[in-house]
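Worksheet: one structure, shown below.
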Amino acid sequence: MIGQLTLLERRLAIAITVLVAMVGAFFALVGRDDLIAIHGWVILMFASLIAFLLCRAIRLPIPPEARLREYYDDPTKAGIVLSLFWGVVGMSVGDWIAWMMAYPDFTFDAAWASYGRLRPVHTSGVIFGFGGNALIATSFHVMQRTCRARLPDQLSPWFVLIGFNLFCVLAASGYLIGITQSKEYAEPEWYADIWLVIVWATYLVLYLRTLARRREPHIYVANWYYLAFILVVAVLHIVNNLAVPVSFSSAKSYSLFSGVQDAMTQWWYGHNAVAFFLTAGFLGMMYYFLPKRAERPIFSYRMSIISFWGITFIYMWAGPHHLHYTALPQWVQTLGVTFSIMLIVPSWGSAGNALLTLNGAWHKVRDDATLRFMMVAAVFYGLSTFEGSFMAIRPVNSLSHYTDWTIGHVHSGALGWVAFITFGTFYCLVPWLWKRSQMYSKFLVELHFWFALTGIIIYLVSLWNAGIVQGLMWRTYTEDGLLAYSFQDSVEAMHPYYFARGIGGLMYVFGILIAVYNVYMTIRFGTKESDIEFKSPDEGVVASKLETSTGATQ
Amino acid sequence: MSVEERDRYTGHMTTGHSWNGITELNSRVPRLWYICFAIAFLFSVAYWVLMPAWPGMESHTQGLLGFDQKKVVKQQRIEAEQNTAMWRDQITNTSLSELADNAEVMTLVRRAGPALFEDNCAGCHGDLGQGATNYPSLNDDAWLWGNEPESIYKTLQHGINSGHSQARIAQMPAFGNSGLLDSESIHDVALYVQSLSNPLIGNGSNVSELLQVNNGKSVYQAQCVACHGSNGQGNPLFGAPNLTDTHWIYGYPLKTLIETIVAGRAGQMPYWEDRLDDNLLKILSLYVPTLSEDAEIHHSDDRTKTDNS
């Protein structure tokens, strides 16, 4: 893969890794009395390893000019592998802590294995590690095809991908050793946050540069969604993480916000992370891979556009519904409720647009588990956006808030929508990128589909029950006007539901393990015949005016 | 290159654009979309008119309903008090000893007690009051400050070593760390304390042990009697535990006893008068003694296990 880089790109890459390694060494040295030193070492070793690989390959022959007439897919391939790796880690840890809920002694008395440290490893692992890598990888693929333009250079996609994974490593390892700023889904501390800003800005510039080089007159809707994802996540990340570090030798920082302002900023971030990371980005994925796989035109161009603007505008206001019945002023809660209600319509517009696109291809949905993954994803997208808006209504929220219903809702979106569209996409992409006519085993794709779907249903049904039972137990009074159940009673009542949830999660983890095996076998072996049968899904030629890129000048 | 085509399946025209083979139909947005959005928007407008909604420079729109969640909470609290009115006055105005004799009140106590106890006390004392290492059991017959509802009420109100100005104070001095006793005396007195509840220790069959126990006894008489009494029976006035029974808070092994004597003990119980309504404290004071009654009936097996620890 390094052989594809030009000589200049290789030198620049070495310079960057050396610079990053020096920053790591700085933290390891000045922060030696603090936890940050451990992260200094992590950064130093991470960068040194890459620098070593680069140096070893520096004398490889210069890549031929012919490569510029093909799309640049190496970072996408690496992104898919990394995404699956983080998926296995994040989902396994998730199921571990699910069992911990049923059997609290499952922590082995070790600090790193306590629930509070493992939970963010699970959430960051699946959202950023699995989801983020999938988004980065597929966005590189989609923007090149829909712009009919090669990536403007070969270094920045690698910087984005590897830099993002360094952020993920810092996040996950930090939680285990006790580094957190205690903001949900924004736990990493200031130095990791600053690093992500650098990576993300590069990502945005890369995307815009590719769009600027496009040879299609119009920008396809998938790119609108990907761009909204990149742009808004940058804004959210920067604002919510505004903080003052104690010193350059300390991992600890203090948020710029406090009290209810802090809570509102956090949930403006938290909800829009759902909106722009887990929704907009994956809608971009869906708008490319679903019609591509179904070989059907998008049902309605106009509905794509109206739903896009509906989602991006309305989502921004919905955050306060995470803070109903709190110190947050009621007028803010009102806006949160009403915008959440209005949000159903553009959300269902997108889900409907996806499902109606399948008109004329339903026989393919029946026969092709890959397309069925995407179809079910659209259904779960519709269901969980409806459920979310429903739970945002104050009286409903007074029952559901703080219960496991919320956890169930999140997983209906995460497992049913985000992960299903990703699996469907990967099952399309892996044969395309590695030039196979199909996946190694269609049966294993089917098996994965049914394992995952059964797992989700067990998971959701058990947590709906758990949440409603909890909510009712907490508000039941005796004839004397006193609480009928202690909190502990409600915890004990959860055991069977938590047990069932653990089973559902286990089935889901088993599903992704099947996927990993199937992807590995496709990449490694494929079949000789299938290689001959391979038909490229790409049409037309890549833009030829590439000569301005860094690579071409070499 | 923009060529519109008719889609054979739906009959709609495409927009004429193609992105790597993906096309889009130029079909209308279904009317249902607009209807649903109109309904959602009108619902929102109505909500904004009725409820506090949009911010202005000085304040925010108050809404026609005059709804205010602070008022709602106040109202709900009043209702909650009304729901407890039927027994509240009786409990407020009656002494604990009288309440304990009232069968109707005790029925209420047994109904309300478990949830109250589990929410507030079980974290340390266990859901059945069985205690744990370092946390006294409440379902046996060993009591540091007595098991009359009045004593329990006082403990709940002010706590033990809690920092409250009227807290019960109970501190076992650190005889070892303060240099009051040398390690040999500490060992011997610990052995003597063990012998108080275990007739097998210092019974004469082992001469050196007998000598140590005797030495321990004289140390005990000099240092420990003031609180634990001449026979080790304890004293509820100081919260000094009885040393002759088989109930141990910190543990019975010699090593633990030596730790206790070397470093002292000052167990803490928080005070509850700021956190729980006085009536609820009374209910809990009446409920706690029933734990040992229930334990006699249901949990005699568990108890023997805890006692031997």
*Subset of segment A:328-337 [in contact (Cβ under 8 Å) with a residue 24 or more places away in the chain and either at the interface with chain B (Cβ under 7 Å from one of its Cβ atoms) or in a helix (DSSP H, G or I) (or both)]*: A:Val332, A:Gln333, A:Gly336, A:Val337
_Every residue in segment A:350-379 that is among the aromatic types (Phe, Trp, Tyr) and either open to solvent by 20 Å² or more (accessible area, probe 1.4 Å) or within 24 Å of B:Arg28 (Cβ to Cβ) (or both), please._
A:Trp362
*Would it be correct to say that A:Glu184 is farther than 20 Å from A:Phe46 by Cα, within 14 Å of chain B (Cβ to nearest Cβ) and out of contact with any Ser or Thr (no Cβ under 6 Å at 6 or more places or on another chain)?*
no
*Which of the residues that make up segment A:515-547 are in a helix (DSSP H, G or I), modelled with pLDDT of 60 or more and open to solvent by 100 Å² or more (accessible area, probe 1.4 Å)?*
A:Tyr517, A:Tyr520, A:Arg524, A:Ile532, A:Glu533
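Please work out if A:Arg213 is touching a Lys or Arg at 6+ places or on another chain (Cβ under 9 Å) and away from every other protein chain (no Cβ under 14 Å).
yes
With respect to B:Asn26, determine if the residue is open to solvent by less than 100 Å² (accessible area, probe 1.4 Å) and in contact with a strand residue (DSSP E or B) (Cβ under 6 Å, 6 or more places away or on another chain).
Answer is yes for this residue.
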*asked:* Among the residues that make up segment B:114-134, is at least one of them modelled with pLDDT under 95, loosely packed, with under 14 Cβ neighbours inside 10 Å and more than 28 Å from A:Met473 (Cα to Cα)?
replied: yes
*If we scan segment A:470-490, do we find a residue that is without any contact (Cβ under 8 Å) to a residue 12 or more places away in the chain and assigned to a helix (DSSP H, G or I)?*
yes
*Looking at A:Ala28, A:Ala57, A:Ala13, which one is buried (at least 17 other Cβ atoms within 10 Å of the Cβ), under 25 Å from A:Ser156 (Cβ atoms) and either modelled with pLDDT of 95 or more or among the small types (Gly, Ala, Ser) (or both)?*
A:Ala13
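Collect the residues in segment A:216-254 that are buried (at least 19 other Cβ atoms within 10 Å of the Cβ) and more than 14 Å from chain B (Cβ to nearest Cβ), keeping them in residue-number order. Reasoning before the result, please.
Of segment A:216-254, the ones buried (at least 19 other Cβ atoms within 10 Å of the Cβ) are A:216, A:220-230, A:232-233, A:236, A:240-241, A:251.
Correct list: A:Leu227, A:Ala228, A:Phe229, A:Ile230, A:Val232, A:Val233, A:Leu236, A:Asn240, A:Asn241, A:Ala251.
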*Could you please find all residues in segment A:310-327 being more than 10 Å from every other protein chain (Cβ to nearest Cβ) and either at positive phi or in a helix (DSSP H, G or I) (or both)?*
A:Ile311, A:Thr312, A:Phe313, A:Tyr315, A:Gly319, A:Pro320, A:His321, A:His322, A:Leu323
*Which of the residues belonging to segment B:91-113 are within 14 Å of chain A (Cβ to nearest Cβ) and touching a residue at least 24 places away in the same chain (Cβ under 8 Å)?*
B:Ile91, B:Val105, B:Met106, B:Leu108, B:Val109, B:Arg110, B:Ala112, B:Gly113
*Output the qualifying pairs, or none if there are none: Cβ atoms under 7 angstrom, residues six or more apart or on different chains, first residue in segment B:286-303 and at pLDDT 90 or above, second residue of a type in the set (Lys, Arg) and in a helix (DSSP H, G or I).*
B:Thr290/B:Arg110
*Quickly run through segment B:62-85 and pick out the residues that are among the β-branched types (Val, Ile, Thr) and more than 7 Å from every other protein chain (Cβ to nearest Cβ).*
B:Val72, B:Val73, B:Ile78
*asked:* Tell me the residue from A:Ser340, A:Ser347, A:Ser307, A:Ser300 that is facing chain B (nearest Cβ under 9 Å), out of contact with any Lys or Arg (no Cβ under 9 Å at 6 or more places or on another chain), small (Gly, Ala, Ser) and buried (at least 24 other Cβ atoms within 10 Å of the Cβ), please.
replied: A:Ser307
*In segment A:278-297, residue farthest from the other protein chains (Cβ to nearest Cβ) [restricted to those that are open to solvent by 10 Å² or more (accessible area, probe 1.4 Å) and in a helix (DSSP H, G or I)]*: A:Leu278
_Quick check on B:Trp54: is it open to solvent by less than 50 Å² (accessible area, probe 1.4 Å) and either aromatic (Phe, Trp, Tyr) or at the interface with another protein chain (Cβ under 9 Å from one of its Cβ atoms) (or both)?_
no
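Quick check on this structure: which one of A:Gly94, A:Gly131 is touching a residue at least 24 places away in the same chain (Cβ under 8 Å), more than 16 Å from A:Trp200 (Cα to Cα) and within 21 Å of the chain's Cα centre (by Cα)?
Result of the check over A:Gly94, A:Gly131: A:Gly94.
The values are calculated or read from the model by the stated rules, or taken from the named source; none is laboratory data. Given the structure is predicted, the values throughout are model-derived calculations rather than measurements. As a convention, Cβ positions derive from the backbone with ideal geometry for all residues, glycine included, and neighbour counts pool all protein chains shown. Note: accessible area is taken over every heavy atom of the protein model, side chains too, but ligands, DNA and RNA are not part of it. Shrake-Rupley method; radii C 1.70, N 1.55, O 1.52, S 1.80 Å.
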